Amino acid sequence: MAFPASFIDELVARNPIEDVVGQYVNLKRSGGNMFGLCPFHGEKTASFSVDQERQMYYCFGCKAGGSVIQFVMEMEHLSFQEAVAH
């Protein structure tokens, strides 16, 4: 099932990445981004970055990254369609 681009754009706009990631990761502001411990691998130093302006996340340790939809897919082990419906 394909979703119209306008629907995906609105879904992302209504679910800011910092709010969604913040449900799983304790984020702290540092400069222009927010940082926390990566939920995808064990680490002691925060290398997981959330860029509010670009609405993207990236881990400098394990190289995981993407959009809010990709984050939900990874965290909940869902397909794209399931993550959009989630």
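The values are calculated or read from the model by the stated rules, or taken from the named source; none is laboratory data. Just so you know, these numbers come straight off a predicted model, no measurement behind them. Ideal geometry is used to build each Cβ from the backbone, glycine not excepted, and the neighbour counts take in all protein chains shown. Note: areas computed on protein heavy atoms with side chains; ligands, DNA, RNA excluded. Shrake-Rupley method; radii C 1.70, N 1.55, O 1.52, S 1.80 Å.
Please work out if A83 is of a type outside the set (S, T, Y) and in a helix (DSSP H, G or I).
yes
I'd like to know if the stretch 52-69 contains one or more residues that are assigned to a helix (DSSP H, G or I) and either of a type in the set (A, V, I, L, M, F, W, C) or in contact (Cβ under 8 Å) with a residue 12 or more places away in the chain (or both).
Within the stretch 52-69 (the criterion being assigned to a helix (DSSP H, G or I) and either of a type in the set (A, V, I, L, M, F, W, C) or in contact (Cβ under 8 Å) with a residue 12 or more places away in the chain (or both)), the answer is yes, since at least one residue qualifies.
Given the conditions (1) over 14 Å from the mean Cα position of the chain (by Cα); (2) surrounded by fewer than 16 Cβ atoms within 10 Å (Cβ to Cβ), which single one is not true for R54?
Every listed condition holds for R54 apart from (1).
Among the residues in the stretch 7-20, are any in a loop (DSSP other than H, G, I, E, B) and among the acidic types (D, E)?
no
Every residue in the stretch 52-86 that is of a type in the set (D, E) and touching a His at 6+ places or on another chain (Cβ under 7 Å), please.
Correct list: E76 only.
If I filter the stretch 29-42 for residues that are among the aliphatic types (A, V, I, L, M) and open to solvent by 60 Å² or more (accessible area, probe 1.4 Å), do I get at least one hit?
Among the residues of the stretch 29-42, at least one is among the aliphatic types (A, V, I, L, M) and open to solvent by 60 Å² or more (accessible area, probe 1.4 Å), which makes the answer yes.
Give the stretch 64-83 a look and list any residue that's under 13 Å from the mean Cα position of the chain (by Cα) and not small (G, A, S), or say none. Before the answer, list the steps.
Residues of the stretch 64-83 that are under 13 Å from the mean Cα position of the chain (by Cα), as a first pass: 64-76, 83.
Across the stretch 64-83, the qualifying residues are V68, I69, Q70, F71, V72, M73, E74, M75, E76.
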